[in-house]
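Participant: Here it is, the structure, as structure tokens.
The values are calculated or read from the model by the stated rules, or taken from the named source; none is laboratory data. Remember, predicted model here, so these are calculated numbers, not experimental data. Positions of Cβ are generated from backbone atoms using ideal geometry, with glycine treated the same way; all protein chains shown enter the neighbour counts.
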Amino acid sequence: MATVRKALPRRLVGLATLRAVSTSSVGTLPKRVKIVEVGPRDGLQNEKNIVPTPVKIKLIDMLSEAGLPVVEATSFVSPKWVPQMADHAEVLKGIQKFPGINYPVLTPNFKGFQAAVAAGAKEVAIFGAASELFTKKNINCSIDESLQRFDEILKAARAASISVRGYVSCVLGCPYEGKISPAKVAEVTKKLYSMGCYEISLGDTIGVGTPGAMKDMLSAVLHEVPVTALAVHCHDTYGQALANNLTALQMGVSVVDSSVAGLGGCPYAQGASGNLATEDLVYMLTGLGIQTGVNLQKLLEAGAFICQALNRRTNSKVAQATCKL
Amino acid sequence: MGNVPCAVKQCLSYQQLLREHLWIGDSVAGALEPAQESAQLSGFPEYVKIVEVGPRDGLQNEKVIVPTDIKIEFINQLSQTGLSVIEVTSFVSSRWIPQVAAGATEVSVFGAASESFSKKNINCSIEESMKKFEEVVKSARHMNIPARGYVSCALGCPYEGNITIQKVTEVSKRLYGMGCYEISLGDTIGVGTPGSMKKMLESVMKEIPPRALAVHCHDTYGQALANILTALQMGINVVDSAVSGLGGCPYAKGASGNVATEDLIYMLNGLGVNTGVNLYKVMEAGDFICKAVNKTTNSKVAQASFSA
């Protein structure tokens, strides 16, 4: 390769070359994918620097303007555990609620649920895991006990017409148990679905999965839960996230979680990356001709904003390739 | 991911965990070890040949001039990993590429599917370049030296933008016809996505058998592994990569370039695809060269596996 020459403006090259390819040419891919943006919660939660409330609010507003249909705003968890999320009520009250956009919040227990409702939450999220050991280490009880605790939330949510999204952690591997059986994932997912979760996000918490494992796990889960109720939440710790997401799409999944700028490292592997960058996901989906409703340019701006506020480099390759350094 | 109390960080050493737990040998869940059985999933090749381009494509794009003895040690380490092809040289004017030294047991010729790229890169049209390559390949074959053909800009060009699949097919066919044993289709600026990869391969595979094709995906927009996965699903079983993801992109300052060999092997191991390559040894070679050129690795597997 020669040295750098005058080329098309860098910012435009990648975007201009994004030819939408008709989906019929790539098999049974969904025509539309709903992206669930978890940067403000899952992303920031794993960042060392505490982000001021106004910055969080601005980030969420910028993400709304970028057209993301779902932005996970915060977590109603005790500040003792997660200091980053201590301002949960102010954030939820302070953000602009765009019509047509959902702003789910995490509620790890009933107390958190009540606080979330008081702050105006219309959608909440609860966390299960496919690993007994992970559940024990995380919240000091068994999987069954954890689901029983959530029952209270689900009943109250149903009564108040609040939607509940379920998460299953460790679907492709656990930092404590190692291998996780697809049957166990299917069992936990089925329970959350029958308890009333409208959607279950299957999380490769430590990013160890590869396309084969994704396929096996989804095959097992699809026996129990309809594909329309499933989402995937792939971490990019081993660089496998996009390939795993592509596999999930090929199997009919049409909801994908990601985090702007790939915010959030991995608490189990020091120095490693965590979430998949939303920009890189949008790039792939757009290239596949799949609708997302997301404006990549505005998304890049939101990513640049939060990275500057956090004083860190983006984890998004698209952002790295298009920004002028 | 749920709320994570601080206590969790004092769990078993992650490294120890990955090495010792049962699932590591399982080709489905854990992919740090190679596939134990041929429990390879349907729709993928049984074996993939990895063409390691780190010492050439990778180092060529690094700012730091790497001393010869470091290069040699790097290549020696790579030779111990099981990699069957390690690209160590290229014939270019030393005026342009100070990194590279002469000498090869295999010849590579670099075509492009873009006229502008061809002109800017080697100062001649595609047609003129093909004529030159014909001579090179002919002489090489005469001396029983195999020739590998590269097609740059197979999924997009930094000057022209979109590249037609007809052009990629035409150039590939020409290189194959003149005697190149393998054609490596390069997404030079990494702009491709699985859709464009599939369309391009469908067209090229009408003229060239899949066994004579390879993909050379750059990870500039994070799409490399997804694109490679697509190529594998279509029957391609030769993939180029660079250890540690060495080599940035000369067309997008600060952007990444090659896909990291470690991350590729990780995916292939997980898919139950044989490569013959020892991932740990590749990671060690990657660690060595990164320290030597004073840069952090671009491989996510390496980042996750070596403590910060």
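Residues are listed down the side, and each one gets a yes or a no for (1) in contact with a Pro (Cβ under 9 Å, 6 or more places away or on another chain); (2) within 14 Å of chain B (Cβ to nearest Cβ); (3) surrounded by 17 or more Cβ atoms within 10 Å (Cβ to Cβ); (4) polar (S, T, N, Q):
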| site | (1), (2), (3), (4) |
| --- | --- |
| A:33 | no, yes, yes, no |
| A:38 | no, yes, yes, no |
| A:65 | no, no, no, no |
| A:85 | yes, yes, yes, no |
| A:97 | no, no, no, no |
| A:102 | yes, no, yes, yes |
| A:108 | no, yes, yes, no |
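Rundown of residues vs (1) more than 23 Å from residue B:251 (Cα to Cα); (2) surrounded by fewer than 24 Cβ atoms within 10 Å (Cβ to Cβ); (3) in contact with a helix residue (DSSP H, G or I) (Cβ under 8 Å, 6 or more places away or on another chain), yes/no style:
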{"residue": "A:252", "(1), (2), (3)": "yes, yes, yes"}
{"residue": "A:258", "(1), (2), (3)": "yes, no, yes"}
{"residue": "A:274", "(1), (2), (3)": "yes, no, yes"}
{"residue": "A:301", "(1), (2), (3)": "no, yes, yes"}
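Participant: Only one residue in A:152, A:145 is of a type in the set (Asp, Glu), out of contact with any Ser or Thr (no Cβ under 9 Å at 6 or more places or on another chain) and surrounded by fewer than 21 Cβ atoms within 10 Å (Cβ to Cβ), so which one is that? Working first, answer last.
Facilitator: Numbers: A:145 fails: out of contact with any Ser or Thr (no Cβ under 9 Å at 6 or more places or on another chain).
Unique residue meeting the criteria: A:152.
Participant: OK, next. What are the residue pairs meeting all of these: first residue in the stretch B:295-308, first residue within 7 Å of another protein chain (Cβ to nearest Cβ) and more than 15 Å from residue B:258 (Cα to Cα), second residue at pLDDT 90 or above and in a loop (DSSP other than H, G, I, E, B), Cβ atoms under 7 Å, and 6 or more apart or on different chains?
Facilitator: Final answer for the pair search is B:303/B:297; B:304/A:237; B:304/A:238.
Participant: Here are the criteria: (1) at pLDDT 95 or above; (2) part of a helix (DSSP H, G or I). Tell me which single one residue B:241 does not satisfy.
Facilitator: Unmet condition: (2).
Participant: Another question about this same structure. Suppose we filter the stretch B:263-286 for residues that are touching a residue at least 40 places away in the same chain (Cβ under 8 Å), in a helix (DSSP H, G or I) and either within 11 Å of another protein chain (Cβ to nearest Cβ) or of a type outside the set (Ser, Thr, Tyr) (or both); how many remain?
Facilitator: So the answer is 13.
Participant: Would you check which residues across the stretch A:132-175 are outside any helix (DSSP H, G or I) and more than 22 Å from the chain's Cα centre (by Cα) and list them?
Facilitator: Scanning the stretch A:132-175 gives A:140, A:141, A:142, A:160, A:161.
Participant: Another one. For the stretch A:167-182, does any single residue satisfy the condition of being within 13 Å of chain B (Cβ to nearest Cβ), surrounded by fewer than 23 Cβ atoms within 10 Å (Cβ to Cβ) and on the phi > 0 side of the Ramachandran plot?
Facilitator: Step one: list which residues in the stretch A:167-182 are within 13 Å of chain B (Cβ to nearest Cβ), which gives A:167-182.
Filter again for surrounded by fewer than 23 Cβ atoms within 10 Å (Cβ to Cβ), leaving A:176-179, A:181-182.
From the residues that got through so far, the ones that are on the phi > 0 side of the Ramachandran plot too are A:178.
Scanning the stretch A:167-182 turns up at least one residue that is within 13 Å of chain B (Cβ to nearest Cβ), surrounded by fewer than 23 Cβ atoms within 10 Å (Cβ to Cβ) and on the phi > 0 side of the Ramachandran plot.
Participant: Looking at residue B:132 and the list (1) in contact with a strand residue (DSSP E or B) (Cβ under 7 Å, 6 or more places away or on another chain); (2) over 15 Å from residue B:192 (Cβ atoms), which single condition is not satisfied?
Facilitator: (1)
Participant: Let me ask something additional. Of the residues A:242, A:218, which single one is crowded, with 23+ Cβ neighbours inside 10 Å, within 14 Å of chain B (Cβ to nearest Cβ) and without any contact (Cβ under 8 Å) to a residue 40 or more places away in the chain?
Facilitator: A:218
Participant: Something else now. I'd like to know if the stretch A:198-209 contains one or more residues that are small (Gly, Ala, Ser), facing chain B (nearest Cβ under 7 Å) and free of Cβ contacts under 8 Å to residues at least 60 places away in the same chain. So that I can check it myself, show each step before the final result.
Facilitator: Here is the first cut: in the stretch A:198-209, the ones small (Gly, Ala, Ser) are A:201, A:203, A:207, A:209.
Now restrict to residues that are facing chain B (nearest Cβ under 7 Å): A:203.
Retained after the next criterion (residues that are free of Cβ contacts under 8 Å to residues at least 60 places away in the same chain): A:203.
Yes: one or more hits.
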